[in-house]
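Enquirer: First, the structure itself, so that you have it in front of you.
Throughout, read-outs are computed from the coordinates displayed, never taken from laboratory work. Given the structure is predicted, the values throughout are model-derived calculations rather than measurements. When we count neighbours, we look across all protein chains shown, and the Cβ atoms used for this are built from the backbone with ideal geometry, even at glycine.
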Amino acid sequence: MAAQKTIATPRGQTAGAPARKGKGVRNAARWAHLPLVLTTLLLLFPFYWTVVMATNTNSDFYLTPPKVVPGTHLLENVSSVLTSINFFGSMANTFIVAASVTALVLFLDSMAAFAFAKYDFPAKNFLFGLMLAFFMVPAQLSTVPQFITMIQIGWVGTLQALIVPAAANAFGIFWMRQYISTAVPDEILDAAVVDGCGFFRQYVLVVLPVIRPGLAFLGIYTFVAAWNDYVWPLIVLINPDMLTLQVALSQLNTTRGTDYAVVMAGALLAIIPLVVVFLVFSKQFVSDSVKGAVR
Amino acid sequence: MSSASLDRGFRRSRYRPPAAKPAATGPKRNPLRYWPQYAAVSPFFLLFAVFGLFPLGFSAWLAFHRWDGISPVTFAGFDQFRFLAADATFRKAVVNTIIIWVMATVPMLIMSLGIASMLNAVKRFKTFYQVVLFLPSVTSVVAIAIFFKAIFNNQVGVVNQVLTGLGLPAVEWLNGYWTIKIVLALLMTWQWVGYNAILYYAGLQAISNEVYEAAKLDGAGALRTFVSITVPLLRPVILFTVVISTIGGLQTFAEPQVMFGSNASINPNSGGPGQAGLTMVLYFYQQAFNNNNYGYGAAIAYAVFAIVAVFALINWRLTARSEK
């Protein structure tokens, strides 16, 4: 019911004409907070409950009623995690992979996107169409051959097996091309050409400074995706001492499956870095993705 | 990402640098003139060739052969596909995947639309709500699967503790055919409902208020306005969310793999008790990487691709038509 009421009175309408703002409108807008707060609680509950489970002992979970507040056993649970898996090693690996992939994607995707957005060259539309077609092909079609390729070139179990295939991607080029088309004015490119700038100097001196907000969005997006990537690392990282965080966490879950306090402490440790990164950049990220979606 | 927006993008890029203009308008364009542009797009296409195009062909070749990665390759003809067509486990995986995807996607997208409408209506705490809505989608799926496994645990799970606390019978969530699917669908809903709501919210913001004013003047009620104005105008966004939910949902892997482990597919409980959580991509993973059955894995991958493509097309058509 609340949903229907609020739809009839969209936000801008009341903001644009405050004088005509009726009582029903104001009430509807206020009532809309109720389901939103409920949604917020449901979405945040797993984070709270992860903290509760990670800070209590296993026997606490068998109590009736169960413990619903954080306990004092975080440190012993964390130290169990650290003895079970190479947590900091995996975290360092994950960071190396995510940071390298992000840097490469930002550079290679934005340069390709600049060429696609602002230049006409023979076979451009064909190449762009080919790229979009590849975008639609599901990952598992290439998984087995990629794994065999990695065996052939001796990269199985190494981090470059995760970094190199992810160094440029169709989504980033597509998104960046849209962004550059609108964000970089043709006039300043013309001016740069008059000043004798070739393609690459235009890219470095004109395009890069202008598209920094776009790079920030694509950067966070890429970093998060690389950090959380699970399937490919699970397949290609065959050495148990050389894992990424997600695979190590999954290994912890397999080996200490019934040890809920310890496994949840591992999950907590694994999600904290990214949640912090996200919260720091969240305002920018949220507003950019809202803009990107309507583009 | 409809075709209309692609066209718009193409038209937008009509800029030609003055230096290149004579060549572009001349009778013959010399491709060498454009070497910087080719150099700029070449890294992607190089990686595409090695890690995209070549694997596609290699997969197709593998699907007609038997290979475990060690012993010599033998030609299999259509045997892999014949086996696949008769494989009861694969059929089970297909049915599981579709049930889980429908159970997760349909309620989720409706909820997302509701949340987006409310987000559009409120004036305060908008940014806070958006950050919270986004948070699950950036959280590791492995951690989330571990969490859901813990709260739906038959003995120590908080869900059963609440149920028994309310005097209701406990449910063996991770043992039943339907309950396993419910838990997996809930997990996917939790992770993506906010993300889709943000997309819808962005679409709602793009709808002009004059449209609503006009509807009001014509005496349209709330429900009629929603059905006749909001939904049709949101069609491109709805189309996008339906297609990405189809592609993502039909390729579910990590959720059941983390919850129920990835034992070889000869294990009758792979994908959970009764294989109730065995999805198509999980089955593919087990055949290709637990059983080292590369040829059969490639055949499954092509079958999954075909199924995903068919469903994406059907959904595209349905969503595109429903607006008329």
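Enquirer: One-quarter of the Cα convex hull surface for the range B:270-324, in nm²?
Expert: Approximately 4.6 nm², given one-decimal rounding.
Enquirer: To make sure I understand, if each residue's beta carbon is the centre and we count other beta carbons within 10 Å, what order do B:Leu163, A:Leu252 fall in, fewest to most?
Expert: B:Leu163, A:Leu252
Enquirer: Another one. Output the DSSP H helices from chain A with an along-axis C-alpha extent of no less than 27 Å and a mean Kyte-Doolittle hydropathy no less than 0.5.
Expert: Result, helices passing both filters: A:33-54, A:87-118, A:260-294.
Enquirer: For chain A, just say rounded, prolate or oblate: build the C-alpha gyration tensor, square-root its eigenvalues into a ≥ b ≥ c, call rounded for a/c under 1.5, and beyond that prolate if a/b exceeds b/c, oblate if not.
Expert: In terms of gyration-tensor shape, oblate.
Enquirer: Which number do you get for Rg(Cα) / (2.2 N^0.38 Å) in the range A:157-205?
Expert: Here the answer is 1.64, to two decimals.
Enquirer: If I take R0 = 51 Å and measure r between the Cβ atoms of A:Trp49 and B:Phe75 in this structure, what FRET efficiency does the formula 1/(1 + (r/R0)^6) give, to the nearest 0.05?
Expert: That pair, A:Trp49 with B:Phe75, gives E of 0.40.
Enquirer: Here is a further query. Considering the Cα positions of the range A:77-199, please state its Rg to one decimal place and its Dmax as a whole number of Å.
Expert: Gyration radius and largest Cα-Cα distance of the range A:77-199: 19.8, 65 Å.
Enquirer: Over the protein assembly as shown, how many percent of alpha carbon pairs lie in each 20 Å bin up to the one with the longest distance?
Expert: 18, 50, 30, 3, 0
Enquirer: If you don't mind, another one. So, by mean Cβ neighbours within 10 angstrom, what's the order for B:152-160, A:162-170 with the highest one leading?
Expert: Result, highest mean first: A:162-170, B:152-160.
Enquirer: Over the whole of B:212-224, what's the average partner chain Cβ count within 10 Å per residue? Rounded to a whole number, please.
Expert: 2
Enquirer: Also: Please compute the net charge surrounding B:Ala254, taking Lys and Arg as +1 and Asp and Glu as -1 over other residues with Cβ under 15 Å from its Cβ.
Expert: Result for the neighbourhood of B:Ala254: -1.
Enquirer: Next question. Take the eigenvalues of the Cα gyration tensor for the range B:82-321, scale each by 5, and report the square roots as semi-axes in whole Å, largest first.
Expert: Working: eigenvalues 270, 113, 42 Å².
After diagonalising the Cα gyration tensor, the semi-axes are 37, 24, 14 Å.
Enquirer: What's the long-distance tail for the range A:68-133, i.e. % of Cα pairs beyond 15 Å?
Expert: Value for the range A:68-133: 72 percent of Cα pairs lie more than 15 Å apart.
Enquirer: A further question on this structure: Connecting C-alpha atoms closer than 10 Å in a GNM of chain A, tell me which of A:Thr50, A:Thr254, A:Thr158 has the biggest fluctuation.
Expert: Fluctuation is largest for A:Thr254.
Enquirer: Moving on. Let's test this: bin the Cα-Cα distances of the range B:151-250 at 10 Å from zero up to the farthest pair and state each bin's percent.
Expert: 13, 28, 21, 20, 15, 3
Enquirer: Of B:Trp173, A:Trp155, how do they rank once you tally other Cβ atoms within 10 Å and put the fewest first? Mind dumping the intermediate values first?
Expert: Details: B:Trp173 21, A:Trp155 17.
So the residues, fewest neighbours to most, are A:Trp155, B:Trp173.
Enquirer: Would you mind computing the Rg to Rh ratio of the range A:178-295 from its alpha-carbon coordinates, Kirkwood style for Rh?
Expert: When Rh is taken as the Kirkwood radius, the ratio is 1.18.
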